[in-house]
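What follows is a set of notes on a single structure, which appears directly below.
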Ligand code: SF4
């Protein structure tokens with residue numbers, strides 16, 4: 001299990017548009033996710049399969065995480 005802070009990692013794991021297996025940690029500062037987890041990007045379309053570690057210019061901070 002990896003932890004990604006949106007202040008450092010602007011990847012799918014910390015992005016508002018990613019639908020995949022993840023959760024905020026207890027403090028709400030990082031996203032906890034399996035590094036190999038796959039999900040979908042709702043910004044790029046229903047069939048856009050993305051790994052938690054993928055990145056793109058459309059990134060937006062996951063609102064479940066503290067700013
Ligand atoms: S592909 Fe880009 S917009 Fe989509 S979930 Fe990943 S970082 Fe966010």
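Just so you know, all these numbers are worked out from the coordinates, no wet-lab data involved. All values derive from a computational prediction rather than experimental measurement. All Cβ positions, even for glycine, are placed from backbone atoms using ideal geometry, and neighbour counts span all protein chains on display.
Descriptive notes on the structure:
- In percent, rounded to a whole number, the relative contact order of the chain is 39, using alpha-carbon pairs under 8 Å and six or more apart.
- Projected label distance in nm at residue 2 and residue 26, using a 7 Å step from Cα toward the beta-carbon: 2.4
- Among 30, 55, 14: highest mean-square fluctuation, GNM of the chain, C-alpha pairs under 10 Å: 55
- Two-site label geometry, residue 49 and residue 61: point separation in nm, points 7 Å out along Cα→Cβ: 3.2
- Ascending count of other beta-carbon atoms within 10 Å, so fewest first, for 12, 56, 41: 56, 41, 12
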